[in-house]
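Here the structure comes first, spelled out in structure tokens, and everything after it is commentary.
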């Protein structure tokens, strides 16, 4: 029998076209990554912008979030959002957090870039527009996490912090499945010496060669996908359990995913996941 194809694919969920990883399909977890289309936002936010903080109409964003929840088989009030801070803070989500940040940023979980839960039915959400959304799931201990990793979070090893929080809830890192989502392409992500030096501090001079390369202008190209895969391996995940959706963000018409570097202002897409009963 042929091995199953574990490459991410685009699917129709409710009114939305979303990206999903087949690696999660056989388990009691629901995971998706939203794209640009299927919402009601206009102008630079067209159409499925999920960010309340980028200048879009609040009413439009809330309708887009409702449609996203419906694609997950959930209600709007089942979702949990955090105010992301490009760090490594982790929040363990309980039933008391249900609905936080859904209608307003004011009650979102503060200064957090990784959400972890063992509570079925709650939809964890991280929003991005070039940074990497990452979903982690332990099917044995039934622990779930959604992680936001920009360059700062990546070199701060936010994924490792999430794995450590999952382990404190009973997970074996070797049994965790990871989905690394769409992000800015390594060929587009030009960074300066500050980021390059931070990468060297994180990965070592030799290890940094796997995630950094000079672009000929005195600057560097940084591979967020590879960098986070290394962090996950260092945290104890197996290579075969790390699944990459190597779909780049980019300009409208060129990519199904918003890119802050391609257009400002722009919308935000999200990785959304919840444990099923």
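What follows is calculated from the coordinates using simple rules that are stated; it is not laboratory data. It should be emphasised that the depicted structure is a prediction, and the values quoted were computed from it without experimental measurement. Here Cβ is always computed from backbone atoms with ideal geometry, including for glycine, and neighbour counts include all displayed protein chains.
Observations on the model:
- Most to least packed among 206-212, 147-153 [average Cβ atoms within 10 Å]: 147-153, 206-212
- Listed candidates (i) 18.5; (ii) 20.0; (iii) 22.6 - label of the one calculated as Kirkwood radius over Cα pairs in Å: (i)
- Value of relative contact order over the stretch 164-277, rounded to a whole percent, pairs C-alpha under 8 Å and six or more apart: 31
- Rounded, prolate or oblate (a/c below 1.5 giving rounded, otherwise prolate when a/b exceeds b/c) for the stretch 121-174 by Cα gyration tensor: oblate
- Relative contact order for the stretch 2-159, counting Cα pairs under 8 Å that sit 6 or more residues apart, in percent: 16
- Cα gyration tensor category, rounded, prolate or oblate, for the stretch 39-106 with a/c compared to 1.5: oblate
- Relative contact order computed over the stretch 101-229 (Cα-Cα under 8 Å; 6+ residues apart), in percent: 23
- Taking a ≥ b ≥ c as the square roots of the eigenvalues of the Cα gyration tensor, an a/c ratio of 1.5 or more together with a/b no larger than b/c marks the stretch 164-277 as oblate.
- For the chain, calculated [θ]222 nm from helices alone, where every DSSP H run of n ≥ 4 adds -39500 (n - 2.57): -6500 deg cm²/dmol
- Residue order, fewest to most surrounding Cβ atoms within 10 angstrom, among 134, 180: 180, 134
- Taking the number of Cβ atoms within 10 Å of each Cβ as an exposure proxy, the fewest-first ranking of 275, 28 is 28, 275.
- Taking 264, 157 and counting other C-beta atoms within 10 Å, the order from fewest to most: 264, 157
- Ordering of 138-144, 238-244 by packing [mean C-beta count within 10 Å, highest first]: 138-144, 238-244
- Residue among 265, 133, 173 with the largest mean-square fluctuation in a Gaussian network model of the chain, springs linking Cα atoms under 10 Å: 265
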